[in-house]
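Novice: One structure is given below, represented as structure tokens, and several questions about it will come after.
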Amino acid sequence: MIIESKELGSRIAGARRDLGLTQQECALRAQMGRTALAKIETGARRVGALELAMLADALEMRIEWFFEDAPPAVVSRRSAAETGVPSPEIDRYVERVAREVTFLASIVDSLDLPATPELQVPTKMADAERAAIEVRGLLGYGDGEPALQLADRAARIGLLAFSLDLDADTADGASILLDRGGVAVVNGTRDLGRRRLTLAHELGHYVFADEYSTDWNVAETSATRTEARIDRFARALLLPESALRLGWSGRGDTRTRAILIGSRFRVDMSTLANRLTELQLASLDEVTEVRTSIIRRADLVEHDLFVPTELDPPELPNPYVKAVLDAYRGEEISAARALSLLLETWNQGDLPELPMLPAEAIWSFVS
């Protein structure tokens, strides 16, 4: 794509603002003068190839992104963001995976995502409960069955979930709705229960066709009514009412029942306490005891429990990884591009071996 210097400069300036950098900070990263960067951003000065490479590195972008039109979903995200406010780390990752998924879908047939179910946005809590039951059916979970391996099931209905090792002070999750399907990024530094709750919450945004969301703390009470209903949807997805009523009415003291239910459904104690409260299944004292309960090593031995693994970072969705490998085996991309698409979570030795190619074959790769 050929663009004018002014448009290129504008895209560089936009990427800099998204990262929260001043011109001086960006210029230092790119090893150039601030005045030179200012002229590049206004289009008053052309940018050289080496300078552009250094700017791309400074702005944590691929060079071609300066020349390609962003996917409509990314444009929508940028339009929705408050002007001048830098994107948090998770926003930059969700934009990156949205771009990469869009790119992969354009070169391989294997990444053919279904469209969102576009369920009606719940207007009351009862709607959120009904939507959770419907989505559990779409995901293939039986009545009362724990929603295990949620990322794999979400991919079946078009949502690709990436669990990444992000900063502890960034958001719990974010998602973008693509033309077909969607992507979600989960902050993998959270504990298992919160990671699963975050993915269930992003799945709610996806099935209700919410174009873009960043969720800072899904474990706390949300500020808006829509978010509160999506919170309710997420908890109902993970803890179906019929199963929880049955499990809570079983034998054992409050703490033991909470530990057994939390382990079976892989939810944290805060999520369980909130669910017991909204279904009016427990007294205030019981809810308080549940919320403050901690699963100890002795509990694992005494109750014959195991420590599950799910959404452990870095975890990329299987359909996405397979599409990358298809593109690599089909000689559509180079090894370096494959590793970039895999978000630097693989090494070159992890890639499959390919037949030796003639030197001129390099021109057939999409870099």
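Novice: From R235, R190, R195, R229, which residue is open to solvent by 10 Å² or more (accessible area, probe 1.4 Å), of a type in the set (K, R) and part of a loop (DSSP other than H, G, I, E, B)?
Specialist: Numbers: R235 fails: part of a loop (DSSP other than H, G, I, E, B); R195 fails: part of a loop (DSSP other than H, G, I, E, B); R229 fails: part of a loop (DSSP other than H, G, I, E, B).
R190 is the lone residue from the list that is open to solvent by 10 Å² or more (accessible area, probe 1.4 Å), of a type in the set (K, R) and part of a loop (DSSP other than H, G, I, E, B).
Novice: When you scan segment 155-171, do you find a residue that is under 13 Å from the mean Cα position of the chain (by Cα), hydroxyl-bearing (S, T, Y) and either surrounded by 23 or more Cβ atoms within 10 Å (Cβ to Cβ) or at pLDDT 95 or above (or both), even just one?
Specialist: Yes: segment 155-171 contains one or more residues that are under 13 Å from the mean Cα position of the chain (by Cα), hydroxyl-bearing (S, T, Y) and either surrounded by 23 or more Cβ atoms within 10 Å (Cβ to Cβ) or at pLDDT 95 or above (or both).
Novice: In segment 25-82, what count of residues is obtained for those that are part of a helix (DSSP H, G or I) and closer than 15 Å to A13 by Cβ? I'd like the intermediate steps shown before the answer.
Specialist: In the first step, residues of segment 25-82 are kept if they are part of a helix (DSSP H, G or I); the result is 25-29, 34-42, 49-58, 63-66, 72-80.
When the remaining residues are screened for being closer than 15 Å to A13 by Cβ, the result is 25-27, 29, 34-42, 51-52, 55-56, 58, 65-66, 78.
Within segment 25-82, residues that are part of a helix (DSSP H, G or I) and closer than 15 Å to A13 by Cβ number 21.
Novice: Before we move on, is L272 in a helix (DSSP H, G or I) and open to solvent by 10 Å² or more (accessible area, probe 1.4 Å)?
Specialist: Details: in a helix (DSSP H, G or I): yes; open to solvent by 10 Å² or more (accessible area, probe 1.4 Å): no.
No.
Novice: Okay, next question. For E310, indicate whether it is touching a residue at least 24 places away in the same chain (Cβ under 8 Å), buried (at least 16 other Cβ atoms within 10 Å of the Cβ), of a type outside the set (A, V, I, L, M) and in a loop (DSSP other than H, G, I, E, B).
Specialist: On the way: touching a residue at least 24 places away in the same chain (Cβ under 8 Å): yes; buried (at least 16 other Cβ atoms within 10 Å of the Cβ): yes; of a type outside the set (A, V, I, L, M): yes; in a loop (DSSP other than H, G, I, E, B): yes.
Criteria met by E310.
Novice: Considering only residues of segment 238-247 that are of a type outside the set (A, V, I, L, M) and in a helix (DSSP H, G or I), which is least open to solvent (accessible area, probe 1.4 Å)? Spell out the reasoning first.
Specialist: Kept after step one, since they are of a type outside the set (A, V, I, L, M), are these residues of segment 238-247: 240-242, 245, 247.
This time we only want the ones that are in a helix (DSSP H, G or I), so: 241-242, 245, 247.
Working: E241: 68, S242: 63, R245: 107, G247: 31 Å².
Per the criteria, the residue is G247.
Novice: Evaluate the following for E100: is it open to solvent by less than 20 Å² (accessible area, probe 1.4 Å), at negative phi and in a helix (DSSP H, G or I)?
Specialist: Details: open to solvent by less than 20 Å² (accessible area, probe 1.4 Å): yes; at negative phi: yes; in a helix (DSSP H, G or I): yes.
So E100 passes the test.
Novice: So in segment 172-187, with the set limited to residues that are more than 17 Å from P314 (Cβ to Cβ) and of a type in the set (D, E, K, R), which one is surrounded by the fewest Cβ atoms within 10 Å (Cβ to Cβ)? Steps first, answer last, please.
Specialist: From segment 172-187, those more than 17 Å from P314 (Cβ to Cβ) are 175-182; that's our starting set.
Still in the running and of a type in the set (D, E, K, R): 179-180.
Details: D179: 12, R180: 15.
Checked segment 172-187; the qualifying residue surrounded by the fewest Cβ atoms within 10 Å (Cβ to Cβ) is D179.
Novice: Residue check: is R77 charged (D, E, K, R), in contact with a helix residue (DSSP H, G or I) (Cβ under 8 Å, 6 or more places away or on another chain), open to solvent by 50 Å² or more (accessible area, probe 1.4 Å) and touching a residue at least 24 places away in the same chain (Cβ under 8 Å)?
Specialist: No.
Novice: Further question on the same structure: Name the residues in segment 239-267 that are touching a Gly at 6+ places or on another chain (Cβ under 8 Å) and farther than 18 Å from A132 by Cβ, would you?
Specialist: Keep residues of segment 239-267 that are touching a Gly at 6+ places or on another chain (Cβ under 8 Å), which gives 240, 242-243, 246, 257, 260-262, 264, 266-267.
Matches in segment 239-267: R257, L260, G262.
Novice: Here is a follow-up. Residues in segment 290-300: is at least one open to solvent by less than 30 Å² (accessible area, probe 1.4 Å), at pLDDT below 95, in a helix (DSSP H, G or I) and within 28 Å of R195 (Cβ to Cβ)?
Specialist: Within segment 290-300, one or more residues are open to solvent by less than 30 Å² (accessible area, probe 1.4 Å), at pLDDT below 95, in a helix (DSSP H, G or I) and within 28 Å of R195 (Cβ to Cβ).
Novice: A further question follows. Restricting to segment 201-218, and then to whatever is over 11 Å from A174 (Cβ atoms) and surrounded by fewer than 18 Cβ atoms within 10 Å (Cβ to Cβ), can you tell me which residue is modelled with the lowest pLDDT?
Specialist: N217
Novice: Mind checking which residues of segment 248-265 are farther than 18 Å from G193 by Cα and either out of contact with any Leu (no Cβ under 7 Å at 6 or more places or on another chain) or part of a loop (DSSP other than H, G, I, E, B) (or both)? Break it down into steps so the answer makes sense when it comes.
Specialist: Keep residues of segment 248-265 that are farther than 18 Å from G193 by Cα, which gives 248-254.
Passing the criteria: S249, G250, R251, G252, D253, T254.
Novice: Related question: Please go through segment 131-154 and give me each residue that is within 18 Å of L311 (Cβ to Cβ), open to solvent by 20 Å² or more (accessible area, probe 1.4 Å) and either assigned to a helix (DSSP H, G or I) or of a type in the set (G, A, S) (or both), ordered by number.
Specialist: Answer for segment 131-154, where residues must be within 18 Å of L311 (Cβ to Cβ), open to solvent by 20 Å² or more (accessible area, probe 1.4 Å) and either assigned to a helix (DSSP H, G or I) or of a type in the set (G, A, S) (or both): D152, R153.
Novice: Please work out if I107 is open to solvent by 50 Å² or more (accessible area, probe 1.4 Å) and not polar (S, T, N, Q). Spell out the reasoning first.
Specialist: Values: open to solvent by 50 Å² or more (accessible area, probe 1.4 Å): no; not polar (S, T, N, Q): yes.
Considered against the rule, which asks whether it is open to solvent by 50 Å² or more (accessible area, probe 1.4 Å) and not polar (S, T, N, Q), I107 comes out as no.
Novice: Here's a follow-up. What are the residues in segment 77-120 that are at pLDDT below 80 and over 19 Å from F162 (Cβ atoms), if any? Explain how you work it out, then say what you get.
Specialist: Here is the first cut: in segment 77-120, the ones at pLDDT below 80 are 77-88.
Across segment 77-120, the qualifying residues are R78, S79, A80, A81, E82, T83, G84, V85, P86.
Novice: Checking A128 against (1) surrounded by fewer than 20 Cβ atoms within 10 Å (Cβ to Cβ); (2) on the phi < 0 side of the Ramachandran plot, which test does it fail?
Specialist: (1)
The values are calculated or read from the model by the stated rules, or taken from the named source; none is laboratory data. Fair warning: this is a prediction, and the values are worked out from it, not measured in the lab. Because the Cβ atoms are built from the backbone with ideal geometry, glycine has one as well, and the counts that use them run over all protein chains shown. Remember, those area values only see protein heavy atoms, side chains included, never the ligands or the DNA or RNA. Shrake-Rupley method; radii C 1.70, N 1.55, O 1.52, S 1.80 Å.
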